[in-house]
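Scroll down for the structure; my scribbles are underneath it.
Each reported figure results from applying straightforward, stated rules to the coordinates on display, with no laboratory input. What you are looking at is a predicted structure, and each value in this text was computed from that prediction instead of being measured. Every residue, glycine as well, gets a Cβ built from its backbone with ideal geometry; the counts of neighbours run over all protein chains shown.
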Amino acid sequence: MKNKSSIKNYNYRQLIALVFLIPVFSFGQDSYVTYSETEGSFELASASELPNIYVDSDDFKGVHHVAEDFTQDIERVTGKLPELNISGEINAETAVIVGTLGKSRLIDHLAGSGKLDVSELTGKWETYTIQVVENPMPNVERALVIAGSDKRGTIFGMYDVSEEIGVSPWYWWADVPANKAENLYIKAGKYTDGSPKVKYRGIFINDEAPALSGWATENFGGFNSQFYEHVFELILRLKGNYLWPAMWGRAFYDDDPKNPIIANEYGVVIGTSHHEPLMRAHVEWSRYGEGDWNYNTNPENLQQFWREGMERMGDNESVVTIGMRGDGDEPMSEGTAIDLLENVVEDQRRIIAEVTGKPAEETPQVWALYKEVQDYYDQGMRVPDDVTLLLADDNWGNIRKLPNPEEEEREGGYGIYYHFDYVGGPRNYKWINTTQISRVWEQMNLAYKFGAEELWIVNVGDIKPMEFPTSFFLDYAWDPERITAEDLPKYTRKWAEKQFGEEYAEETANILEKYTKYNSRRKPELLSAETYSITSYNEAERVLEDFSKIEEQAEQIYDKLPQRYRDAFYQLVLFPVKASANLNRLYVATAKNRLYAKQGRAIANNYANDVEQYYEKDAELTEYYHNELADGKWNHMMSQNHIGYTYWQQPEEQSMPEVQRLEVPEEAAMGIAVEGSTNSWPTTAAKGQEAVLPIFDPYNDQTYYIDIFNKGQEKFKYKIKNKEDWIELSSEKGKVDQQERIYVSVNWDEAPEGEHEVALTIKGPKKTKVEVLVSIRNPSEEAKGFLENNGYVSIPANEYSEKTNGNNEWQLIPNLGKTGSAMSSGKIKPGREFSENNPSLNYDFYTFSSGEVEVEFTLSPSLDFLDRGGLRFAVSIDGKEPKILNLQEDTEDNWDTSVANNATTVTTSFNLENDGAHNIKIWAIDPGIVLQKILIKTGEVEDSYLGPPMSAKAE
């Protein structure tokens with residue numbers, strides 16, 4: 001998953017004569033590890049060779065720790081454990097030499113003797129080189145040298161080799177087995193990832209109860225140094241360097257004094273969350289604080305509390321949070337108390353300077369513009385230039401603010417606080433992964449382009465089950481220029497290959513892309529029986545079919561995988577797919593039960609039984625995860641309640657959705673329901689409402705259904721009459737036990753031209769009969785583009801007819817959105833005014849009607865991150881006067897609706913002067929517009945969550 005730069009190593013004297021360059025390669029560069037010997041390669045392990053690993057005793061303790069991991073990684077792959085020598089003396093013909101420039105006599109000797117070019121390391125941040133060196137020193141014929149510019153550079157170099165030989169960063173946290181190989185060779189050459197583009201890159205463990213807290217308590221006795229050592233290792237293996245520790249009733253420094261010591265040894269930079277100033281955990285105020293958490297009334301005690309936090313921090317590498325929020329992560333005051341907060345910051349920086357004995361600006365600091373704190377900044381509050389401004393998303397993955405390109409650069413720069421997990425409105429989401437990496441890419445790409453590159457941190461909740469997006473976030477943070485939007489599918493495939501091998505990587509990547517897409521449509525905690533329509537567009541059935549397909553794929557791969565991969569595959573793929581599919585089935589069954597009970601269908605009771613079974617299945621999946629998976633290693637980790645929400649906060653206990661059960665009479669009685677309607681006949685439909693199927697046309701070539709259902713226990717016979725020869729039915733007569741679904745289609749070779757309507761008569765017991773109207777539109781003219789269908793034209797954003805003004809403007813983001821892929825204006829320069837020369841997208845469509853149409857745009861719920869009054873785009877149909885639309889103003893959605901739906905809809909209207917061919921053109925004006933779908937409403941459109949499916953397209 002890394003880009004490597006390589007210079008062929010003919011011999012070292014030739015190499016040092018070259019000017020060292022780091023070429024930029026595309027994502028997916030071939031590995032420098034091979035399993036057979038090649039010219040000039042270094043034999044890392046074989047049946048006859050296992051070089052020792054040499055580290056200088058004066059090097060950092062963290063380098064020593066990770067060197068031990070490195071030897072164990074080689075053993076995980078080869079079954080053989082190399083000897084680790086920390087004396088610094090080399091007495092072998094071949095060796096692996098690991099060390100930090102300026103801290104390792106071995107590395108400094110190689111550099112001083114001209115054997116190792118360190119020009120690319122000197123003065124660099126977290127940079128490493130991996131190089132095969134001939135005759136590095138007397139009596140040593142060949143060495144593999146892993147050299148770092150600093151502690152983490154050396155550590156990253158070792159972990160990079162570990163991953164390349166086949167040890168996943170998730171080997172412990174997700175039980176991913178190492179690849180097995182008897183022979184390992186490092187190709188001749190010089191390899192590096194360069195320096196990271198984002199300086200601080202990390203995770204925030206948060207919302208950690210009940211799952212992670214229960215697990216950590218059972219396995220380690222709490223969030224102590226034994227627990228955190230695994231966290232530090234994971235962060236470093238992912239090439240991160242920064243941590244906000246768990247803080248729900250936890251105190252990193254206070255719970256175990258070893259925590260900060262070991263973090264500092266490893267080189268993991270510790271911070272505290274957005275509302276925990278000067279290295280004090282929030283819970284410590286209830287443990288040791290005196291008086292109220294109120295700077296107006298209790299400044300002396302607060303200052304002493306913070307001073308003790310800085311004194312305790314000592315020389316540990318840290319980024320100190322400054323500022324203040326109210327007690328319990330709440331607003332500090334009802335208004336925007338700028339003067340008060342400025343005094344807080346001034347006093348905090350004085351404390352920092354006094355305790356450290358150096359100017360405050362020499363201690364890295366961050367001010368988090370989280371929630372209402374951003375209002376302080378927007379209304380003019382400023383902090384010293386050396387402080388990093390940590391900008392935030394809205395807790396739902398939509399960045400609220402980005403650096404203004406018209407303002408001067410800050411010495412402290414800007415950072416981003418992002419979320420994969422959240423506790424708060426409109427509803428908690430922390431049970432399972434719902435993050436599309438395509439959305440992370442789109443938002444963090446904007447952040448990087450606008451200069452937020454000092455610090456990126458993401459709330460990962462319990463760590464599990466956010467493994468996949470966490471990998472992506474930290475990989476992308478290393479070098480955002482390396483992974484393009486087009487690379488996202490390759491990234492997913494490569495990640496799957498790293499965890500489970502190459503054979504099923506393509507299929508596994510497809511499952512990862514699909515299940516996160518389906519879960520991001522609406523987060524599981526927000527699902528209900530009302531989410532997906534069970535009558536319109538076959539929506540609920542299509543959703544379940546989507547899940548069923550990837551569930552079947554995942555189960556097939558699981559069964560085929562070698563046994564040693566199965567625990568990892570279950571955690572990373574199979575469980576989230578099965579659990580999500582089951583939850584969706586539960587709510588769809590609930591919806592059917594309630595509607596069918598209202599219609600009097602006897603089969604309603606079957607769906608009540610299904611709901612019970614799916615509810616029990618949810619518990620069974622959790623039970624397996626806790627007690628059988630990996631021999632019970634992950635007990636508690638899936639204990640987050642996720643069924644039975646009634647408001648934003650999680651329910652104390654899960655509860656099954658309410659179902660209805662009917663007292664079904666003995667005597668048979670026929671009912672009829674048709675696709676597209678919640679009514680039934682002959683009883684529940686209002687007077688004058690006929691049973692009418694949606695219109696058929698040859699372009700969309702639809703199939704619609706009629707349900708013939710029983711309201712009693714006895715079976716009955718039915719017969720359908722008055723059918724024209726061109727109407728095709730899956731059945732014309734038969735016997736109904738509980739329900740028979742009749743599929744209706746049209747034979748267009750036989751159908752007459754023009755518009756026609758036929759009344760099918762369905763006869764049942766006791767002379768019951770119901771008429772169902774079948775209408776067709778069979779035009780004779782040729783059509784082009786997306787075609788009108790039952791009152792709408794539905795066009796995915798990526799299905800444009802033409803894109804103008806180059807490839808660097810409107811950009812395809814694969815897989816982003818509820819249904820297809822999205823088009824983003826992300827590279828547009830801010831401040832641009834509308835011009836018809838702006839980058840545009842054109843879409844051809846065709847209608848069979850004319851007049852006023854409503855045009856609805858589905859967009860990702862991006863925010864006005866530049867505070868310019870909204871994000872704008874322009875639209876025109878058939879060359880009419882363009883209309884400028886605003887994502888924030890031209891919508892009826894509020895923020896709660898937008899984030900719950902993971903989409904914002906913007907509407908406008910145009911008049912179509914004629915039926916036939918049309919064109920809609922969309923211009924980019926502002927950056928950050930992410931278009932998912934266009935819906936042109938020519939008539940009544942059925943209610944549904946995902947909206948009408950894509951219309952047929954005539955070329």
Rounded to the nearest 10 degrees, the helix 61-78 long axis (Cα) sits at an angle to the longest Cα principal axis of the chain of 60
Just from its helices, what would the mean residue ellipticity at 222 nm be for the chain, if runs of 4 or more DSSP H residues each count -39500 (n - 2.57) and the sum is divided by every residue, rounded to the nearest 500 deg cm²/dmol?
-9000 deg cm²/dmol
The helix 299-313 Cα axis meets the longest alpha-carbon principal axis of the chain at an angle in degrees, between 0 and 90 and rounded to 10, of 70
In the structure shown, of Lys803/Lys937; Lys124/Lys190; Lys494/Lys921; Lys514/Lys883; Lys449/Lys498, the pairs separated by more than 26 angstrom at the C-alpha atoms are Lys494/Lys921; Lys514/Lys883; Lys449/Lys498
Rg and Dmax of the stretch 12-191, using alpha carbons, in Å: what are they?
15.3, 45
Could you work out the Rg to Rh ratio of the stretch 670-778, with Rh taken as the Kirkwood radius (inverse of the mean 1/r over all Cα pairs)?
0.97
Let a ≥ b ≥ c be the square roots of the eigenvalues of the Cα gyration tensor of the stretch 404-542; is it rounded (a/c under 1.5), or, if not, prolate (a/b larger than b/c) or oblate?
oblate
Anchor Lys784: aspartates and glutamates whose Cα lies under 17 Å away (excluding residues fewer than 8 positions away in-chain)
Asp697, Asp701, Glu799, Glu802, Asp844, Asp878, Asp915, Glu955
Could you give me the ³J(HN,Hα) list for the stretch 171-185, computed from phi with Karplus coefficients 6.51, -1.76, 1.60 and θ = phi - 60°, whole Hz, x at Gly and Pro?
4, 9, 6, 9, 6, 6, x, 6, 4, 9, 7, 7, 10, 9, 10
What order do you get for Glu545, Glu229, Glu311, Glu442 when you list them from fewest to most C-beta neighbours inside 10 Å?
Glu545, Glu311, Glu229, Glu442
Using the Cα centre of the chain as the reference point, and only Cβ charges (+1 on K/R, -1 on D/E), how large is the resulting charge dipole? Debye, rounded to the nearest 20.
1420
In nanometres, what is the gap between the two model label sites at Ser835 and Ser36, each 7 Å from Cα along Cα-to-Cβ?
5.9
Tensor-based shape of the stretch 865-955 (alpha-carbon gyration tensor, a/c under 1.5 rounded, otherwise prolate or oblate)
oblate
Enumerate the whole-percent occupancy of each 10 Å bin, from 0 to the last occupied one, for all C-alpha pair distances of the stretch 507-632.
13, 39, 32, 13, 3, 0
What is the ratio of the Cα radius of gyration of the stretch 271-380 to 2.2 N^0.38 Å, where N is its residue count, to two decimals?
1.00
Amide H contacts under 5 Å for Leu44, placed H, 5+ residues apart:
Leu184, Tyr185, Ile186
Using alpha-carbon coordinates alone, the radius of gyration and Dmax of the chain in Å work out to 31.5, 104
Proximal aspartates and glutamates relative to Lys717, as straight alpha-carbon distance under 16 Å, when same-chain residues fewer than 8 apart are discounted:
Glu666, Glu667, Asp707, Glu732, Asp737, Glu740
I'd like the GluC sites (Glu not before Pro) in the stretch 81-140 restricted to DSSP loop residues with at most 13 other Cβ atoms within 10 Å, sorted by number.
Glu83, Glu89, Glu93
Area projected by the alpha carbon convex hull of the stretch 403-464, averaged over all directions, nm²
5.3
Determine the principal axes of the Cα atoms in the stretch 330-453, then give the extent along each, sorted from largest to smallest and rounded to whole angstroms.
45, 33, 28
Less than 19 Å apart at the alpha-carbon level, and either on another chain or at least 8 residues along: which lysines does that give for Lys598?
Lys687, Lys711
Computed over the chain: longest principal axis from alpha-carbon atoms vs helix 488-500 long axis, angle to nearest 10 degrees, is 70
Unit Cα scatterers, Debye sum, the stretch 200-483: log10 I(q)/I(0) for q = 0.10 Å⁻¹:
-0.49
